[in-house]
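Data block below; observations after.
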């Protein structure tokens, strides 16, 4: 491990010590840690990969303030950029830990946002996953920049993906923080007691979801992906109040590694418990 590497040197000292200990000074891995379940661990091993360490990235971020027009649907671009940048910092630091371990990729990635008591606009963004290396062909599955791939797929889905002729390229994400205009007294009176679509609200939520998904897709296109699997859209208002909402789209970009996509038939499992 090149401890003079700029990115590695930027990691906290205790993180550096932990990574050096896990990798082993003689380049022989001594101990691995993992947040994979037992089933996931065994399936990742069956797919030809060995877990080599739990990797973490963190960023304590102050999210700025942006004023929105009371009666206008609009994206809160300052907040959108802050939420994206904070997650990107956490992801990058997690990837650097995996790179320091010599990993080919990171599976089971979780992105979490935890609000702290230090202030209304202060939050910790955390990225956690298990670094893996291919047993017989190290570095084959790294991305085009020679860095570990990332994936939020479970160990089971990772195994099925590889066995079906695809490989993960990277975890892709897009977000949008959006101000949903208030209805106003006149609008409230017009809809009082009626079954009627609130088109202003519909349009706001539709637009914001679409922006998040579009940005996720553009990240996948930059990776040269064939598609995105496991895509999900998370919704949260965080600490901004009832009329400001974030949509966060995330998934795993994949590409084909063989044209012969063999899908294993499902296995019937009968539970023994009552």
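Computed from the coordinates by the stated procedures, all read-outs in this text should not be read as laboratory data. Since we're looking at a predicted model, the values are computed, not measured. In this analysis, Cβ positions are derived from the backbone assuming ideal geometry, glycine residues included, and neighbour counts consider all displayed protein chains.
Values computed for the structure shown
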read-out: Cα radius of gyration and Dmax for the stretch 87-181 (Å); value: 15.7, 56
read-out: Exposure proxy order (Cβ contacts within 10 Å, fewest to most) of 49, 247; value: 247, 49
read-out: Space enclosed by the convex hull of the alpha-carbon atoms of the stretch 23-156, per residue, Å³; value: 147 Å³
read-out: Helix 13-23 axis, angle to the chain major axis (alpha carbon atoms, nearest 10°); value: 40 degrees
read-out: The stretch 6-256 - Rg over Rh from alpha carbon coordinates, Kirkwood radius; value: 1.06
read-out: Potential extension, residue 198-residue 135 segment - 0.36 nm per residue separation minus Cα distance; value: 17.1 nm
read-out: In degrees, nearest ten, helix 77-100 long axis to first principal axis of the chain (Cα); value: 10 degrees
read-out: Order of 83, 213 under a 10 Å beta carbon neighbour criterion, fewest first; value: 213, 83
read-out: With Cα atoms, 0 to 90° folded angle of helix 199-222 axis to the chain main axis; value: 20 degrees
read-out: Helix-only CD estimate at 222 nm, as mean residue ellipticity for the chain, using -39500 (n - 2.57) per DSSP H run (n ≥ 4); value: -10000 deg cm²/dmol
